[in-house]
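The values are calculated or read from the model by the stated rules, or taken from the named source; none is laboratory data. Note that the structure is predicted; figures quoted are calculated from it, not measured. All Cβ positions, even for glycine, are placed from backbone atoms using ideal geometry, and neighbour counts span all protein chains on display. Accessible surface is based on the protein model in full, side chains and every heavy atom, while ligands, DNA and RNA are left aside. Shrake-Rupley method; radii C 1.70, N 1.55, O 1.52, S 1.80 Å.
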Amino acid sequence: MRLSPPGCELPLQSPRFNVHFGGAEANVAASLAILGHRSVMISALPDNMLGRACASELRKHGVDTGSIRHAEGRMGVYYLSPGAMHRPSEVLYDRADSVFARMPADAYDWPSLLAGAQWLHLSGINLALGETTARAALAAVHAARAANVSISFDCNYRSKLWGSRAAQAPALLRDIVSEADLLFGNDRDIALMLDMDFPHASAMDRFRAAAEAAFATWPRLQRMAATERLHRNVDDQDLFGLMATRDRMLTTATHTLANIVDRIGGGDAFAAGLVHGLFRNMPDQTMLDFAITAACLKHSIPGDVNLLREADMLAFLTQGGFEVRR
Ligand SMILES: O=C(O)C(=O)C[C@H](O)[C@H](O)COP(=O)(O)O
């Protein structure tokens, strides 16, 4: 549950918070449901009004919440102080001992949860939250691999969440990435996992070198993709996408984002867009363009989730223009 002050206020500058539900996997699940896929969230939530409101929000987007465990305990919360102009955004986590963090790893019966699934998406946030969730994530990928379910993994490195466990991050991340078909990560993630340096001057060269190292290390990996931002300030950035396959390196046009409404969830919109493209058998360049469009348009929407449908992304891609559509 995300609590953020209205507009660009500092937290508690006025006595109110806006509430949004989100999180890396939830955002991807919701976006994929909106894009027309059957999407199931596997998680644990409090058996109280907050947990029920969260599940109901996911259902509103079309996500199947029937596999979510509800148990006594607290909701994971984060406070977002949204940045503006030259003041960066800041996140304060309050997630220790949440129902999700405490749910024993063996509470999830992965073979039956994954029955009928084609794809499993998860993020490094599971690894950062604690030993228990890290074990659950590892069990999930092993079960997915055994059931021939494809796996995408978003490194989503959050140093504040790893805290004193940061030294364990590279090995835990490597354990999951070694099972993944599709990796959402950049040169900083690969540098962390493989203890390497990518000192190249351009983002494209750093990504290419990092992807080469990733493909050489993890034979299962078929794709690596990332968004890259060039900040002029918080509200004014350039955004583009990068993707490497085993034999090609692709990039997108650079999109200028000005007057950003909400940047949280841009990476998750990108991830959902790319998985959508794979399911629709889009050519590599088309799926990358679709994914960066999703990321780009997410910045216009308050909250974590890209609420837009395929037609919205396609309209932008085909230069639908900015006139009122009427
Ligand atoms: O659960 C957490 O702690 C998260 O950080 C989840 C984030 O809200 C999203 O994963 C957004 O991440 P981006 O899409 O990269 O903006």
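Tabulated data
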read-out	value
Local net charge near L297, Cβ-Cβ under 11 Å (Lys/Arg +1, Asp/Glu -1)	+1
Where chymotrypsin sites (Phe, Trp or Tyr not before Pro) fall in DSSP loop in the stretch 225-326, at most 13 other Cβ within 10 Å	F322
Gained length - R16 relative to Q168, 0.36 nm times residue gap less alpha-carbon distance	51.0 nm
CD proxy at 222 nm, helix term only [per DSSP H run n ≥ 4: -39500 (n - 2.57); per residue of the chain; nearest 500]	-11000 deg cm²/dmol
Length released on extending from N233 to M85, taking residue separation times 0.36 nm less the Cα-Cα span	52.7 nm
Per residue solvent-accessible surface (Å²) - the chain, probe of 1.4 Å	47
For the stretch 166-183, 3J(HN,Hα) per residue [Karplus equation, 6.51 cos²θ - 1.76 cosθ + 1.60, θ = phi - 60°, Hz, x = Gly/Pro]	4, 5, 7, 4, x, 5, 5, 4, 4, 4, 7, 4, 5, 9, 7, 8, 10, 10
Radius ratio Rg over Rh of the chain, counting only Cα atoms, Kirkwood formula for Rh	0.94
Using θ = phi - 60° and Karplus 6.51 cos²θ - 1.76 cosθ + 1.60, couplings along the stretch 41-57 (whole Hz; Gly, Pro as x)	9, 10, 6, 9, 9, x, 8, 8, 5, 6, x, 5, 5, 5, 4, 5, 5
Projected-area mean, the stretch 122-267, by convex hull of Cα positions, square nanometres	9.4
Beta bridges per DSSP with both ends in the chain, % antiparallel, nearest 5	60
Theoretical FRET efficiency, 1/(1+(r/R0)^6), r = Cβ-Cβ of C8 and E212, R0 45 Å, to 0.05	0.65
Relative contact order (%) - the chain, alpha-carbon pairs under 8 angstrom, separation at least six	14
FRET efficiency for S300 and A253, using Cβ-Cβ distance with R0 set to 25 Å, rounded to 0.05	0.90
Karplus-derived HN-Hα couplings along the stretch 241-248 (A = 6.51, B = -1.76, C = 1.60, θ = phi - 60°), whole Hz, x at Gly and Pro	x, 10, 8, 10, 10, 5, 10, 9
Amide H contacts under 5 Å for V40, placed H, 5+ residues apart	D64
Carbon/sulfur fraction of accessible area - the chain, other protein chains in place, 1.4 Å, %	52
For the chain, the longest site-free run once GluC sites (Glu not before Pro) in DSSP loop states with at most 15 other Cβ atoms within 10 Å are removed	73-322
Accessible area, probe 1.4 Å, largest first, for residues R158, R135	R135, R158
Long-range amide H partners of L120 with built H, under 5 Å	S150, I151, S152
Under-5 Å amide H pairs with I68, H placed in peptide plane, nonlocal only	S43
